[in-house]
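Undergrad: I have a structure here, written as structure tokens, and I will follow up with some questions on it.
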Amino acid sequence: MTATAALAPAQLLPDALNASFKLVPSIMVTAMLALFLAIGYVFRVADTEGLWVAGRSIGNLENGMAIGANWMSAASYLGMAALIALSGYYGLAFVVGWSTGYFILLIFLAAQMRRFGKYTAPDFVGDRFNSDTARAIAALTTILIGFVYSVGQARGMGLVGIYVFGGDYTTMVILMMAITVGYLALSGMLGATKNMAVQYVILIVAFLAGLYVVGYVGGYSTVLPQIEYGAMLDQLSSEFTEPFISGGFYLWLATAFSLIVGTCGLPHVLVRFYTVESERTARWSTVWGLFFICLLYLSAPAFAAFGTDLYAQAIGDPYGTPGMTGAEGDVIVVLAAQLANLPEWFVGLVAAGGIAAAIATTAGLFIAASSAAAHDIYTSIINPEATQRQQLLVGRATIVVLGALVTVTALDPPALVGELVAYAFSLAGLVLFPMFFLGLWWENTNRQGALAGMTTGLFIWFAAITNQVLPAYIGALDAMTGESGAIVPVFADVFPAIGAALAGTPIVFAVTIAVSLATDEPPERIKRIVRQCHSPEPMGQQQSAEEVVANKTGESGTTADD
Amino acid sequence: MTDTDTQRSDEPQVRSDGGRDGSVDYLNSEVNIFKPSTPFMRDHLRVVWAMFAAWALIVFGPVTATYLATDLMTSVTVIGFPLHYLLTAIGAPLGALVLSLVYARKRDALDEKYGVDHSATRQSTEGTPAADGGVEK
């Protein structure tokens, strides 16, 4: 399924997609990108509070949309329909994992995180476990997640870019990434949040319009394609619905579980709760966010069904030989609109939605990574005296460097958009989720436990990726793989790269708990901060749990921090 | 099962003043997900665990049933869908959304029960000792 950059666009994408310069769609996409830049400029930020947490001023509905846009990347817009079309019932593990995880986030983490009230995910880990090493590990994990996740976005943007502007894959990836990086370095989180609401509207309108029109023109559906596609399922190849063909029961569970805990461990998702005005807003905006996400997630299987049927009619059996390629699958949403003979401008609209989705998520990821570098590594560890100006500079430099690395890697991506993104989820679920969960729900989790747990999680993830993904890149490793494509097939069965968290996360929990029990309890001050996160008493908009604790204990006579 | 605020004789004073002036000292009550130490946490965790169980059933129930009874799940058809496909593709996401809504409402009801009002946060009027704020950033 690996698509190599060396292929010409005509080979990378099917002829039916007609990859060449198209005037009207080009104007539409260019106008959209100009709009993002303009919004970013208007809401540009001059201080770090604005760059990272949007001044903690965002309301319910707006944050709900931002959660939606931040969340729905090229992996949702393009990749999910691709996985459903290519892998049938197994693809639904992605629908389930990427939506239902928000419920766990809501009941266990969202409001408590808002009460903790810091700036970034590594901030939480560093302050909660009172350790700069833990902070650094969390920060590096955040940057690594941003990197792996964004490679998928760049691939999606590149493929859609070819359809709109023609040209070759390499040029398109570079062009799209350059625009994203430029806009981000300019606008920061406040601009990015304001943009996310706009981007959500664009992507959901484009996706739903595409689905309704394709369904109607193709004679598949009328008012509710999200349900009506059921009636056509028996006309599709049995591969579309039959369970456990392209992935067994364990892999299904592992994938869904990994995506769920990954959802709860992703720094760019978490930071959305730091931007809201109160913990109640944190809860309700999660509900809104899940609603906005469901609009697309209930529609993607329908789009996949229509696309698969159109593909079978126009090109050939998607499951036969040669069958649908990975690159074709990754643009099935656009391809379906094209195969339904819709006018060019309309196909352009669907394509533009895909680009909006990719840019919005890349924005969230890069902001999270840049704050990890500037705030958590540079300011907290290297140079505590750093001025706002220096922090902004380091933050922006990180965005540019990361953008360059992502661009280079995306030129030869190792997997489908959806799969690439799932690797990042495995990582978040293995390393960060256990720290968030235990850190908030068990006050005796301590520094040693956290360090041991995170190291274990990182080790499992790197082992799984080295086992299954890297051999495609590194000849020496490739020589060691057998027919299954993994160096140690048994390890790949238990810890598949895409779902390493099912077996791995419980191990990380166990290690963290065991080491915490075996070593000293955390200091009373830290315990109080955790308790403050669970108290029902309201807090000030700009207050963190730490400040409340310092004030209260200061009054009752014990020594406060300063 | 959660809104039964019957016979909790130790709570009225919590309700009337929201525990704000220290009738419950939240900063000195242990946090352990399995050992709730305050009435609020007990009530909250009861909601959390009940809903977590419902969620686990909605999310992992259909696929497990499909694995155990493949023929049954794939042969039953509802509005055109094989049952396993319907429950997974539509049942799980929609179920999670409904559960989220229910949880957020129940949590608001808990706030009301304990006299918590989040509308005051915007003016950051902390009723507590922090006269000097600590709010400045």
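The values are calculated or read from the model by the stated rules, or taken from the named source; none is laboratory data. These numbers come from a predicted model, not from an experiment. Because the Cβ atoms are built from the backbone with ideal geometry, glycine has one as well, and the counts that use them run over all protein chains shown. Just so you know, the surface numbers come from the protein's heavy atoms only, side chains and all, with ligands and any DNA or RNA stripped out. Shrake-Rupley method; radii C 1.70, N 1.55, O 1.52, S 1.80 Å.
Undergrad: Relative to the present Cα-Cα distance, how much length would full extension add between A:VAL201 and A:TRP345 at 0.36 nm per residue of separation?
TA: That works out to 50.0 nm of additional length.
Undergrad: Calculate the dipole size of the protein assembly as shown relative to its Cα centre from +1 charges on Lys and Arg beta carbons and -1 charges on Asp and Glu beta carbons; express the result in debye to the nearest 20.
TA: 600
Undergrad: Each residue of region A:325-334 in order: what ³J(HN,Hα) in whole Hz does its phi give by Karplus 6.51 cos²θ - 1.76 cosθ + 1.60, θ = phi - 60°, with x for Gly and Pro?
TA: Per-residue couplings from phi come out as 7, x, 5, 5, x, 5, 10, 4, 5, 6 Hz.
Undergrad: Using Cα centres only, tell me the gap between region A:148-164 and region A:324-381 in whole Å.
TA: The distance from the Cα centre of region A:148-164 to that of region A:324-381 comes to 6 Å.
Undergrad: Related question: Arrange the residues A:ASP412, A:ASP330, B:ASP108 by how much accessible surface each exposes, largest first, with a 1.4 angstrom probe.
TA: A:ASP412, B:ASP108, A:ASP330
Undergrad: With θ set to phi - 60°, apply the Karplus curve 6.51 cos²θ - 1.76 cosθ + 1.60 along region A:379-390 and write out the HN-Hα couplings as whole Hz, x wherever there is a Gly or Pro.
TA: Once θ is set to phi - 60°, the couplings for region A:379-390 become 6, 6, 10, 7, 9, x, 8, 4, 7, 4, 4, 5 Hz.
Undergrad: Taking only DSSP H segments of four or more residues, each worth -39500 (n - 2.57), what value at 222 nm results for chain A once the sum is divided by all its residues, to the nearest 500 deg cm²/dmol?
TA: -22000 deg cm²/dmol
Undergrad: Summing +1 for each Lys or Arg and -1 for each Asp or Glu, what net charge is found among the other residues whose Cβ lies under 15 Å from the Cβ of A:VAL469?
TA: Counting the neighbours of A:VAL469, the net charge comes to -2.
Undergrad: Further question on the same structure: Taking every residue in B:79-85, how many Cβ atoms of other protein chains lie within 10 Å of its Cβ, on average?
TA: Average neighbour count from other chains, rounded to a whole number: 6.
Undergrad: Also: Please compute the Cα-Cα pair-distance distribution of the protein assembly as shown with 10 Å bins starting at 0, giving whole percents from short to long.
TA: Result, from short to long distances: 3, 16, 27, 27, 17, 8, 2, 0 percent.
Undergrad: Calculate the mean, over all residues of peptide B:100-108, of how many other protein chain Cβ atoms lie within 10 angstrom of the residue's Cβ.
TA: Whole-number average of other-chain Cβ neighbours for B:100-108 is 6.
Undergrad: FRET efficiency for A:SER20 and A:ILE245, Cβ-Cβ distance as r, R0 = 35 Å, nearest 0.05?
TA: Given R0 = 35 Å and the Cβ-Cβ separation, E is 0.45.
Undergrad: Would you give the gap between the C-alpha center of region A:431-492 and the C-alpha center of region A:97-112, rounded to a whole Å?
TA: Centre-to-centre (Cα) distance: 23 Å.
Undergrad: Can you check what the net charge comes to around A:ALA357, using other residues whose Cβ is under 15 Å from the Cβ of A:ALA357 (Lys, Arg +1; Asp, Glu -1)?
TA: Every neighbour counted, the sum reads 0.
Undergrad: Could I ask something else about it? By a straight-distance test (C-alpha under 28 Å), which lysines pair with B:LYS113 as possible cross-link partners, with residues fewer than eight away in the same chain excluded?
TA: Within the straight-line limit of under 28 Å, B:LYS113 reaches these lysines: A:LYS527, A:LYS552, B:LYS35.
Undergrad: Might you report the magnitude of the Cβ-based charge dipole of region A:230-378 about its Cα centre, with Lys and Arg at +1 and Asp and Glu at -1, to the nearest 20 debye?
TA: For region A:230-378, the charge dipole is close to 540 debye.
Undergrad: Per-residue Cβ counts within 10 Å, from other chains only, averaged over A:245-253: what number is that?
TA: Partner-chain Cβ atoms within 10 Å, mean over residues of A:245-253: 2.
Undergrad: If packing is taken as the average number of other Cβ atoms within 10 Å across a peptide's residues, how do A:534-544, A:70-80, A:318-328 rank, most packed first?
TA: Highest to lowest by the protection proxy: A:70-80, A:534-544, A:318-328.
Undergrad: Taking the Cα-to-Cβ direction at A:LEU477 and at A:THR519 and moving 7 Å from each Cα, how far apart do the two end points lie in nm?
TA: 3.0
Undergrad: Tell me the total accessible area that A and B bury against each other, 1.4 angstrom probe, in square angstrom rounded to 100.
TA: Buried: approximately 6200 Å² between B and A.
Undergrad: Put +1 on the Cβ of each Lys and Arg and -1 on the Cβ of each Asp and Glu in region A:411-562; which of A:PRO522, A:PHE436, A:LEU477 then has its Cα farthest toward the positive end of the dipole?
TA: A:PRO522
Undergrad: Run the simple label-point estimate for B:TRP49 and B:ALA69 please: 7 Å along Cα→C-beta, distance reported in nm.
TA: For B:TRP49 paired with B:ALA69, the spin-label model returns 2.9 nm.
Undergrad: Something else: Using r as the Cβ-Cβ distance of A:THR170 and A:SER484, and R0 as 30 Å, what FRET efficiency do you calculate, to the nearest 0.05?
TA: After rounding to 0.05, the efficiency reads 0.45.
Undergrad: Evaluate E = 1/(1 + (r/R0)^6) for A:VAL494 and B:SER37, where r is the Cβ-Cβ distance and R0 equals 51 Å; express this FRET efficiency to the nearest 0.05.
TA: 0.85
Undergrad: Apply the Karplus curve 6.51 cos²θ - 1.76 cosθ + 1.60, θ = phi - 60°, to the phi angles in region A:521-532 and return the couplings in whole Hz, x for Gly and Pro.
TA: 5, x, x, 4, 4, 5, 4, 4, 5, 4, 4, 4
Undergrad: What length, rounded to one decimal in nm, is gained on full extension from A:ALA314 through to A:ARG44, with 0.36 nm per residue of separation minus their alpha-carbon distance?
TA: The A:ALA314-A:ARG44 span can extend by a further 92.5 nm.
Undergrad: Oh, and also: Taking the Cα-to-Cβ direction at A:PHE291 and at B:ILE79 and moving 7 Å from each Cα, how far apart do the two end points lie in nm?
TA: 2.0
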